[in-house]
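Asker: Can you keep this structure in mind? I'll have questions shortly.
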Amino acid sequence: MFSGQDICAVSTPMAEGGIALIRISGENAVKIGAKVFRPLSRKSVEDMEGYTCAYGEIVDGKGRRVDDGVLTVFRAPRSYTGENVCEITCHGGLFVTKKVLRLCMENGAVMAQRGEFTKRALLNGKLSLTQAEAVMDTISAQGEYALASANLTREGRLFGRISAVTKRLVEILGELAAWVDYPEEDLPEVEVPALRKSLSDSAEVTGRILEDYDNGMILKNGIDTVIAGKPNVGKSTLMNMLLGFDRSIVTDVAGTTRDVIEENAKLGEYVLKLSDTAGIRDTQDKVEKIGVEIAKKRLRECMLIMAVFDTSVPLDEEDRELLHELTVLGKRTLIILNKSDLETKLDMGAFEGFENVLTLSAKNDEDRVRVQRAVESLFSFSAYDPDSTIFANERQKECAQCADRYLRAAIDSLDAGETLDAVTVMIDYGAQALLELTGERASDAVVNEVFSKFCVGK
Ligand code: GDP
């Protein structure tokens, strides 16, 4: 078992609250707990069994009462970290919380690094690296799908999917190594078609995992969305409607929205990262020109364009310019024909070539759900499956991409009739990438990088 110093940290947020929780982990955690906590029942902390708690007083070095609270004991290996753990809850004032933490440190514990409790759980074999990462995903989840997906990963679902592939690759490597290293032995010939089938089955799984990561990226990072349209069509009004409160300044003067304003709007399960931009008209105004350039760049880079047109005025040159731009870009686009409460003067025929056209009034909050449905269908969110969606992170995705690339290269080499030595090397690299993904063979640098993103006390 991993054995480091005894560590302690405040696991609740460093802010005033009802109660705070201070956690101690390590071989001497219970001894430290006994020094700072006096149970009101006669039983001492050191005699307490795992999974039991006691009400009592937190005391300083001179035996003076600092606060009262509850202490819970977990005995190794049946604890989150796999070590002895004591958790003390006290009143959630900042001063008192810090004082209890200091008492733990005076009695031998050192301050925990970010994510150090979870890192110890990993080092003690309680979790895989993907499960440890899912702990943070559970904490940061902002919707049902994200939470369900993080929980499934935490239960080991992703680890299981990847391990099955790794196991198969390691078996193949074993057979190939025997054949390559001991050619004089009377080993059965490597069956190339069977080998190819195994590799393509494995590559199919890595390919699917990559797809699931892409869905997870949308869930986690949101859909990068640009609201485009000439001035005064109602972009800010639409943005406010989607945000659910007045965020940008709405005025009747054309061209008010000059800067790119970015906001996150939660539509159902999904987050739209909205930017409300300047129109893309020809302008001599220097400031506006910069805005137009930024708007064009954003249109090229975003995942979704919401193009807004005003139904109460006829189509003009600027509208046509935007329509042309949309056709050229050919991206996921939702056309919003706004101000449906006013008399229609817009030539609706101009939008016939577009698939997703919604006529609405941005002033009518009830139209928000129609925008949500349109976005959901554009990204086929209704087909989302938390069982397969991976609430992704870049590290895992890079490993999966690397494995996928090597497996496909191994198949190509086989097809090209290259030597089995060359194929073996590629399968080996592919297996290494998967082992790094699950953390079974990740370097200290990778592990440290993962935990640097955690909060203290977790
Ligand atoms: P932007 O320049 O495209 O951001 O347009 P704004 O959101 O600032 O809206 C311009 C004007 O149109 C404001 O006076 C809004 O109140 C008005 N407006 C926006 N949406 C609607 C709508 O659906 N119906 C009506 N009648 N007016 C709207």
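Asker: Using amide H atoms built 1.01 Å from N in the peptide plane, name the residues 5+ places from Asp67, or on other chains, whose amide H lies under 5 Å from its own.
Answerer: Counting only residues 5 or more places away or on other chains, the set is Ile58.
Asker: Return the calculated 222 nm mean residue ellipticity for the chain, to the nearest 500 deg cm²/dmol, obtained by summing -39500 (n - 2.57) across DSSP H runs with n ≥ 4 and dividing by the residue count.
Answerer: Taken over the chain, the calculation gives -14500 deg cm²/dmol.
Asker: What length, rounded to one decimal in nm, is gained on full extension from Glu263 through to Ala445, with 0.36 nm per residue of separation minus their alpha-carbon distance?
Answerer: Taking 0.36 nm per residue and subtracting the Cα distance, the gain is 62.1 nm.
Asker: What percent does the relative contact order of the range 7-128 come to when contacts are Cα pairs within less than 8 Å and at least six residues apart?
Answerer: Reported relative contact order: 31 percent.
Asker: Then there's this: Taking the DSSP beta bridges in the chain as the whole, what percent of them are antiparallel, to the nearest 5?
Answerer: 65
Asker: Additional query: Please tell me which of these pairs span more than 30 angstrom C-alpha to C-alpha: Lys331/Lys453; Lys197/Lys220; Lys235/Lys345; Lys31/Lys126; Lys119/Lys273; Lys99/Lys273?
Answerer: From Lys331/Lys453; Lys197/Lys220; Lys235/Lys345; Lys31/Lys126; Lys119/Lys273; Lys99/Lys273, over 30 Å: Lys331/Lys453; Lys197/Lys220; Lys119/Lys273; Lys99/Lys273.
Asker: Then there is this: Roughly speaking, what is the stretch gain from Ala177 to Phe95, that is 0.36 nm per residue apart minus the C-alpha to C-alpha distance, in nm to one decimal?
Answerer: Stretched out fully, the Ala177 to Phe95 stretch lengthens by 23.3 nm.
Asker: What full-extension length gain, to one decimal in nm, is calculated for Lys296 and Val456 as 0.36 nm per residue of separation minus the Cα-Cα distance?
Answerer: Contour length minus Cα-Cα distance gives 53.4 nm.
Asker: Ordered by residue, what ³J(HN,Hα) values in Hz, to whole numbers, does the range 205-213 give under the Karplus form 6.51 cos²θ - 1.76 cosθ + 1.60, where θ = phi - 60° and Gly and Pro are x?
Answerer: For the range 205-213, the Karplus curve yields 5, 5, x, 5, 4, 5, 4, 5, 5 Hz.
Asker: With a cut-off of at most 13 other beta carbons within 10 Å, and DSSP calling the residue loop, which GluC sites (Glu not before Pro) in the range 70-169 qualify? Please list them.
Answerer: Answer by residue number: Glu155.
Asker: Angle check, please: helix 144-154 long axis (alpha carbons) against the longest principal axis of the chain (alpha carbons), in degrees 0 to 90, nearest 10.
Answerer: In the chain, helix 144-154 runs at an angle near 30 degrees to the longest axis.
Asker: What is the helix-to-structure angle for 94-106, meaning the angle in degrees between its Cα long axis and the longest Cα principal axis of the chain, kept from 0 to 90 and rounded to the nearest 10?
Answerer: Tilt relative to the chain: about 40 degrees.
Asker: Report the accessible area of Leu123, computed with a 1.4 Å probe over the heavy atoms of all protein chains in place, in Å² rounded to the nearest 10.
Answerer: Here the accessible area works out near 90 Å².
Asker: Could I ask something else about it? Once you put a point 7 Å from the Cα of Lys197 and another 7 Å from the Cα of Tyr51, both along the Cβ direction, what distance in nm separates them?
Answerer: Here the modelled spin labels are 4.7 nm apart.
Asker: Decide, for the chain, between rounded, prolate and oblate: order the square roots of the alpha carbon gyration tensor eigenvalues as a ≥ b ≥ c, take rounded if a/c falls under 1.5, and otherwise choose prolate if a/b is larger than b/c, else oblate.
Answerer: Here the chain falls in the oblate category.
Asker: I'd like the accessible area for Thr72, computed on protein heavy atoms only with a 1.4 Å probe and all protein chains in place. Round to 10 Å², please.
Answerer: 40
Asker: Using the Karplus equation 6.51 cos²θ - 1.76 cosθ + 1.60 (θ = phi - 60°), what ³J(HN,Hα) coupling, rounded to whole Hz, does each residue of the range 342-349 give in order, writing x for Gly and Pro?
Answerer: For the range 342-349, the Karplus-derived couplings read 9, 5, 7, 10, 6, 7, 5, x Hz, x marking Gly and Pro.
Asker: Using a 1.4 Å probe, how large is the accessible area of Lys345, given in Å² and rounded to the nearest 10?
Answerer: Lys345 has an accessible surface of roughly 120 Å² with all protein chains in place.
The values are calculated or read from the model by the stated rules, or taken from the named source; none is laboratory data. Note that this is a predicted model, so its numbers are computed, not measured. Quick reminder, even Gly has a Cβ in these numbers, built from the backbone with ideal geometry, and neighbours come from all protein chains shown. To get the accessible areas, we keep the full protein, side chains included, count just its heavy atoms, and leave off ligands, DNA and RNA. Shrake-Rupley method; radii C 1.70, N 1.55, O 1.52, S 1.80 Å.
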